[in-house]
Amino acid sequence: MKTYSAKAGEIKRDWWLVDATDQTPGRLSAKLAMILQGKNKPVYTPHMDTGDFVVVVNVDKMRITGRKLDQKVYYRHTGYSGGQKATLMRDMMENHPERVLNHAVKGMLPKNRLSSAQLKKLKVFSGPEHTHAAQQPRVLEIK
């Protein structure tokens, strides 16, 4: 029995469309991270990017549980001394809801060289329209 290792030319990438309405960000991002890595395919190889493209719509209608809207804080740094900025989840969901899901998925991807390429395959839109209709993404039901 030989171990199969995917080659770069053999990787077939599909496009998936996911509706984030009434989904919690953590559970949704865990499943999206699995698809972006390619762990749902039988040809998964840890050192190759075998994942698919994922288009997520209706991110502004995600269900946030508990008191996270007022307690969860997103931090960033400007690069200058004393330049740490903090944003509450409530403000982030009002202004840029796609960043909430993008941040959650980024945290669930492995911390290696492949993660940036895998994150680029995630396309997040706050409304029901998206710009990837030409790729004919198939609908993926996530429960």
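Things to note:
- Straightening the chain between Met1 and Asn40 buys 11.8 nm, computed as 0.36 nm per residue apart minus the Cα-Cα spacing.
- As computed over the chain, the Cα convex hull volume per residue (Å³): 147 Å³
- Helix-only [θ]222 nm of the chain, DSSP H runs n ≥ 4, -39500 (n - 2.57) each, per residue, nearest 500: -8000 deg cm²/dmol
- Note, ³J(HN,Hα) from phi for segment 43-52, Karplus 6.51, -1.76, 1.60, rounded to Hz, x at Gly and Pro: 9, 4, 10, x, 8, 10, 8, 9, x, 9
- As a proxy for reagent exposure, ranking Val139, Val43 by other Cβ atoms within 10 Å from fewest up yields Val139, Val43.
- Pairwise label distance in nanometres, Arg90 with Gln135, each label 7 Å out on the Cα-Cβ vector: 3.5 nm
No lab work stands behind these numbers, since they all come straight from the coordinates. Note that the structure is a prediction, hence the values are computed from the model and not measured. Reconstructed Cβ throughout: ideal geometry from the backbone, glycine too, with neighbour counts over all protein chains shown.
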